[in-house]
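Take a look at the structure below.
The values are calculated or read from the model by the stated rules, or taken from the named source; none is laboratory data. Note that the coordinates shown come from a computational prediction; the quantities given were computed from them, not determined experimentally. Ideal geometry is used to build each Cβ from the backbone, glycine not excepted, and the neighbour counts take in all protein chains shown.
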Amino acid sequence: MRDSIVSTEGVTKAFGPDAGVFDLDLELPKGKIIGMIGPSGSGKTTTVRLMTGILEPDEGQIRVLGSSPSEFDRDTRGRIGYMPQHAILYPDLTLAQNLSFAASLYGVPSSERDFDGLAEFLGLDGVLDRLPDQASGGERRRVMLAATLVHKPDLLFLDEPTAGIDPVLRRRIWDRLEDLAGEGRSLIVTTQYVGEAAYCDYVAVLTEGRVLVYDTPEGLRRAAYGGELVDVVFASPPGAEDVKSLEAAVDGRILTRLDDRSLRLVVDDAGQAGPRIGEWASNSSVSIQETEAHIPNFDDVFVELVEKLEAAKAKEGAHERTLTEAKPNVG
Amino acid sequence: MSVEQGFRARFIRSLGFFKRELLGVVKQPRLVGTLILAPFAILLIFGLGYRTQPPPFETLLVLPGEEAALASEMDELGEAFGNGIELVGTTTDATDARSRLRSGEVDLLIIGPADPITSIEEGERAEFVVVHSEVDPLLRGSISLLAQLSIDELNNRVLEQTVSRAQSGSESIDGPLGELRSGSDELVTAIENDDSEGERLAREDLLQQVDELEERSSGSEDVYSTVSESLGTGRGDVFDTLRSRLESTQSNADGAERAREFEQAMAEFETRYRLLQETDPALLVSPFSADVRDIADLPGTPALFYGPGVLVVLLQHVAITFAALSLVRERQLGLTELFQAAPLTAGETLIGKYTAFLGVSAVIAAVLTGAMLAFGMTMRGSLLAYSLTVGLVILSSLGLGFLISRLAQTDSQAVQYAMMILLVSIFFTGLILPIEQLIPPVRVVSYLVPGTYGIVALHDVMFRGLRPSVLMLGGLVVYSIVVFVMSWFVMRRHVKGSAI
């Protein structure tokens, strides 16, 4: 992939037969927000630690900013910002002193430290004089994010930055992350909140240490259902022949019946499906009350993907493949 | 990044750790106060309350029988023990006495011999038995020494009495001495007049008087001869000398001259004999004494001797604890993860931490040193040598602390390891017991602890006014370098830096 900032090839790091990450193949583009989504224990943190050089892979190769993490030089490390999963702060130093210490780790001179700007950017005004245990969980997470930004890195690894934070604050944090991406920075963000996939440019869904799917958010939906979704509401309950005829007309398939007059179809292009359904209704004298594209939430998408994986595992008897190629069509 | 920017970044990283560690200590004023005040208070209380002599042992005399035949000897023995014991009573019931000893009511029993005369007549010493139940090895040693010294003292008293009696018998020889003097004059007169018969009679009479004199003065002269021989000035048997002088006066052309020599030998005998009479019996029995001259001449209380040792061990403990806890806490907080992702090296981290802890420990050392000097601690050597030694003790201890952090997984484990080293320091560094009393293989343990080098060096500097020995100061330098390098390897795991 052109302009990939991180690439992995056949990377495995095992902590036991079922723990770790296995056969990781990823190409992460530059200047984007890449989400890594999966349940606890799916291998998100291990993946980030491998990419930052904290862990070394048992097998495979990783390239980050053009270098292997095990051979990062100072300049490369200085271009990376890493926010660990937990708020790691000295309890006896104020939040400002913790920020100052973080800046010193990256050799940032006092004259170049813009803590006020960071505080304003992350909504931390008036908070930095407190000790960590006097701050809320959300404030501590934002201070950690600020500590990751003190040296203005090109590439950020953020391990669950929104964990344990209320939805409003989560939204604010994602706004800030979008701002950072807008400045040209690359962000690799892990999260347990499947719905946060919507904020990402690309999403890798991980389960059991493997990449289940890696695509754009829209691509995820398509991967989950095999196409786009359209809800059709009939004026009266349709017969079985009518449904079959409709499926053939739109070159789709019925996903589910919503009630006796409504059903949800999987089609290749929801935009084109509307006119074709109208045309089919005119030709077949069926009265259609409403046709509307349905955008499933990512919780449903995730469940669908996992169910597909389990079905595939049951069919093949082994967990040997991912559902889609882990290289999205970008750039 | 230019070279200058690179150096500046390195400096900023080290400074970051320096500030962090300094803030960590300064933000705990109670800890700092404890670190400075507590050891000073300990030293002060110890100095005020320490006695070089153990308290007297409360002692019960046990007399061997109803008649209390040895009562006077027992009293004398009690006196011989001097201030070492405090006599609390006398009893003839040995069983009750042992019971009181077991219950801790008394510290010592001195049991007299049942039949000393018979023992001596049978060629055996009459034995006083000293019984105790002390468990402290130092006090046990004190009791044994005290008992031996006291028995020696008692034996000396017996000897003194014997000598005194011998001296008192000297008056009875005035008669024979007068006879010898007049007989000698008669012999000279007979020789000068060629009166062979008179000469023979006078000589026989004199020989009889010599025999008489020998018989009367035998005890006293024996004592004197023994003393003389002990002093290396013995001149053989005086009576044999007198007899041979007397024999040499017969059938000789110069018989009168020989008779005068006899008179001279007799006069010498009398002089010696008078001297014996006038000499203190205690001097004859114990002619030697010891004059111990202390050229170290340490002023102040004996407790001050322990000051440098306590200071060294305390600084060592503080530095080890600071260093060990610092890394363990960072690991527990998860900061290691941040460090491993940052452009940070082991060297930068170590320099920051070393300088911060060296600074804090140096302040503690300066305050404690000032306090010790204010309370009369001797400082005969150079303050520079003192400071250098203390600085090296702190540096080497910090390295040891960083090594401990490699072993410890938690705060409490780090503290336990630090306490173990403190315990080793108490027994093996010379703080209390001289390391020379350890057998050489065990002494190796002493030199695994930086405090050993520090204590020896500070004793030289402070008490003897010497420069620290090259071996001790060099040992500290080598120790500091070795543990620094080992700490660097430990720190590399901590921060994962690839460069120095």
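Name the single residue, out of those in the range B:326-344 being touching a residue at least 12 places away in the same chain (Cβ under 8 Å) and under 13 Å from A:A147 (Cβ atoms), that is nearest to the other protein chains (Cβ to nearest Cβ).
If we take residues in the range B:326-344 being touching a residue at least 12 places away in the same chain (Cβ under 8 Å) and under 13 Å from A:A147 (Cβ atoms), then B:A342 is nearest to the other protein chains (Cβ to nearest Cβ).
Going residue by residue through the range B:15-37, is there one that turns out to be surrounded by 13 or more Cβ atoms within 10 Å (Cβ to Cβ), in a loop (DSSP other than H, G, I, E, B) and in contact (Cβ under 8 Å) with a residue 60 or more places away in the chain?
no
Which helices (runs of 4 or more DSSP H) does the range B:385-500 wholly contain that include 2 or more residues that are more than 26 Å from the chain's Cα centre (by Cα)?
B:411-428, B:470-495
Quick one: in the range A:45-101, which of the residues that are part of a strand (DSSP E or B) and closer than 29 Å to B:F7 by Cα is farthest from the other protein chains (Cβ to nearest Cβ)?
A:R63
B:T355 - would you say it is in contact with a Phe, Trp or Tyr (Cβ under 7 Å, 6 or more places away or on another chain), over 19 Å from B:L43 (Cβ atoms) and either more than 14 Å from chain A (Cβ to nearest Cβ) or surrounded by fewer than 20 Cβ atoms within 10 Å (Cβ to Cβ) (or both)?
Yes, satisfied.
Any idea which of A:I88, A:I62, A:I54 is of a type in the set (V, I, T) and at pLDDT 95 or above?
Just a single option satisfies the conditions, and that option is A:I62.
Any residue that is within 30 Å of B:L108 (Cβ to Cβ) and at pLDDT 80 or above - is there at least one of those in the range B:23-46?
yes
Could you tell me whether any residue of the range B:258-279 is touching a residue at least 40 places away in the same chain (Cβ under 8 Å), acidic (D, E) and either assigned by TED's automatic domain parsing to the domain that holds B:S182 or surrounded by fewer than 17 Cβ atoms within 10 Å (Cβ to Cβ) (or both)?
Yes, some residue in the range B:258-279 is touching a residue at least 40 places away in the same chain (Cβ under 8 Å), acidic (D, E) and either assigned by TED's automatic domain parsing to the domain that holds B:S182 or surrounded by fewer than 17 Cβ atoms within 10 Å (Cβ to Cβ) (or both).
Could you tell me how many of the residues in the range A:102-131 are facing chain B (nearest Cβ under 10 Å) and in contact (Cβ under 8 Å) with a residue 12 or more places away in the chain?
6
List the residue pairs whose Cβ atoms are under 6 Å apart, where the first residue sits in the range B:44-66 and is aliphatic (A, V, I, L, M), the second is assigned to a strand (DSSP E or B) and at pLDDT below 80, and the two are 6 or more positions apart or on different chains.
none
Go through the range B:55-156 and tell me which helices (runs of 4 or more DSSP H), entirely inside it, have 2 or more residues that are among the hydroxyl-bearing types (S, T, Y).
B:94-102, B:116-121
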